[in-house]
1. State all residues of region 270-291 that are out of contact with any helix residue (DSSP H, G or I) (no Cβ under 8 Å at 6 or more places or on another chain) and not in a strand (DSSP E or B); if no residue qualifies, say none.
2. Identify the single condition in (1) in contact (Cβ under 8 Å) with a residue 12 or more places away in the chain; (2) at negative phi; (3) surrounded by fewer than 19 Cβ atoms within 10 Å (Cβ to Cβ) that residue 288 does not satisfy, given that it satisfies every other one.
3. For region 402-425, enumerate the residues that are outside any helix (DSSP H, G or I) and touching a strand residue (DSSP E or B) at 6+ places or on another chain (Cβ under 6 Å).
4. Suppose the filter is more than 19 Å from residue 435 (Cβ to Cβ), at pLDDT 95 or above and touching a strand residue (DSSP E or B) at 6+ places or on another chain (Cβ under 7 Å); does residue 644 pass it?
5. Return the total of residues in region 511-549 being on the phi > 0 side of the Ramachandran plot and over 33 Å from the mean Cα position of the chain (by Cα).
6. Which ones in region 519-529 are closer than 14 Å to residue 563 by Cβ and free of Cβ contacts under 8 Å to residues at least 40 places away in the same chain?
7. Got a number for residues in region 598-656 being over 24 Å from the mean Cα position of the chain (by Cα), within 24 Å of residue 440 (Cβ to Cβ) and assigned to a strand (DSSP E or B)?
């Protein structure tokens, strides 16, 4: 597909308004040294450009934009609406949020606006339109950046009233609502829409359990909260679009962030952007999975809107990135679909809670730092790549299903095991494909399943209308499906499908489960594959009855020893594998290896390697990204010998060695 940009956008968040103007010219010289070609500006400037309700002051922003244009920098222009000015909260206190505990907030911090405040919406929309009228015609403005890292919750009276309206539209009648929420439980029948209250700590919240006594209402609130913030995004987008019809519009997402249904959001965005902040101990495979998820939101290239050039400030342990690590992480983003590489921040602030957050220009204010040198090296390389990788595809034969409503429902449910976490379970399966260099698409529940040879759907706890039928059609036509414990349990309102687990997936899986045993962290069970190999399992154990499927591994301990733990069922031309327990890593690898072989899913490389190998394609052009995230030197796979490394212009030598954090792009 055609890229939104003419070159790889390389830059990041820039706040010249925090500095005297003599620093600005110095910054421009340093940006040139680092080959930085863009700046994201105006992210938190609302108080500066609207000092009072009636007054706007764009003079400083005019000078900033004029300076960036003069220095040939692309501009990602933010709308500033991620933090309200103090005057708004003082004059209209209802614009501030009320938290889960029921405390109404005063002015402070950021992401501080009630998403259902009509006052906030009025002024945010006006500001977005004024910015578009003033700057939307400029060629230098290559992207609009609305708000910033949408998130959080509000439990105020504005939201409660809006929630009731949202519920009327969703259910139509109180009878339908009561049925969906199963309000006969605990005598919670609702007889008037005004009786509905938000599910916070003052109502359905449960500190001692999963967080809610009624998952139905809490899941609906999560849907409502995501929709409310999305409505704010759309409102600003439409204000911009009324003036500027063409410039791409985005907002920065946050990977597997729980509160917002990003698949739904992506439909309203021109391009997906996201902020990547792995901790010192984040598995590299988890970062790769999040890149794939961001690409999967639209099945298109995305923007890496933020990363740190060195360290964060807000994590418990904010380690420096090792030499070469930032470069390798940047290329990992590009390898998985990024058309931009951007940082937070370009110059380190002198005060506030982010003063120790890494930056291209440190507090020392010089180019003579390790971090600046690495940023400059990367800038030169990206400049030399030109537009080669822009807009290229990332083909995959494997789809892993990711669903935010399922995420919410699984972690709201009371039992059977508090340690069961959605993202962790998805990543456990993704890891195998990552380590074996098998490309993966992260896909929604309404994806075109026919594109894939193999679909992985772990902990598919909530099965929406139509999903059963779509999966059955996929398998009947020859697809291979992997699912397992805590799947097919409930419908869209968290009410259980009766008749045994996995509910609507039973016929396809050829099994039913009568009970789920929960194992404490210190407890394990054993399973035995038909070849006699034994492995441990943990967390949950389904007690399974075969209904046409065959067992390929049985439990070998506890009172259900000898019963199926892992099954396989032929369904139409395809197959369904059901994993009834959490397998240890080596057992899951063994199983997925056999399944991938059966599904004719192949690795990008023909030999085992510790390197991450990823591919982007466009027509006849194929670009292989090789990255060494291990702690040891690694040999380049033989298949790449003699091919050209685009970063050096040289041919890859036979048995060439890659050091830790080395990168090659071969094409």
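1. 270, 271, 277, 279, 280, 281, 282, 290
2. (3)
3. Residues of region 402-425 that are outside any helix (DSSP H, G or I), as a first pass: 402-403, 413-421.
Those that are outside any helix (DSSP H, G or I) and touching a strand residue (DSSP E or B) at 6+ places or on another chain (Cβ under 6 Å): 402, 416, 417.
4. On the way: more than 19 Å from residue 435 (Cβ to Cβ): yes; at pLDDT 95 or above: yes; touching a strand residue (DSSP E or B) at 6+ places or on another chain (Cβ under 7 Å): yes.
Yes, satisfied.
5. Here is the first cut: in region 511-549, the residues on the phi > 0 side of the Ramachandran plot are 532, 539, 548.
Imposing the further condition that a residue be over 33 Å from the mean Cα position of the chain (by Cα) reduces the set to 532, 548.
Of the residues in region 511-549, 2 are on the phi > 0 side of the Ramachandran plot and over 33 Å from the mean Cα position of the chain (by Cα).
6. Keep residues of region 519-529 that are closer than 14 Å to residue 563 by Cβ, which gives 525-528.
Within region 519-529, 526, 528 meet the criteria.
7. So the count comes out to 5.
Conditions tested, residue by residue: (1) within 25 Å of the chain's Cα centre (by Cα); (2) assigned to a loop (DSSP other than H, G, I, E, B); (3) in the same structural domain as residue 451 (by TED's automatic domain parsing).
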position: 333; (1), (2), (3): yes, no, no
position: 359; (1), (2), (3): yes, yes, no
position: 366; (1), (2), (3): no, yes, no
position: 374; (1), (2), (3): no, no, no
position: 377; (1), (2), (3): no, no, no
position: 381; (1), (2), (3): no, no, no
position: 387; (1), (2), (3): no, yes, no
position: 391; (1), (2), (3): yes, yes, no
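The values are calculated or read from the model by the stated rules, or taken from the named source; none is laboratory data. For clarity, every value in this text was computed on a predicted model and none was experimentally measured. When we count neighbours, we look across all protein chains shown, and the Cβ atoms used for this are built from the backbone with ideal geometry, even at glycine.
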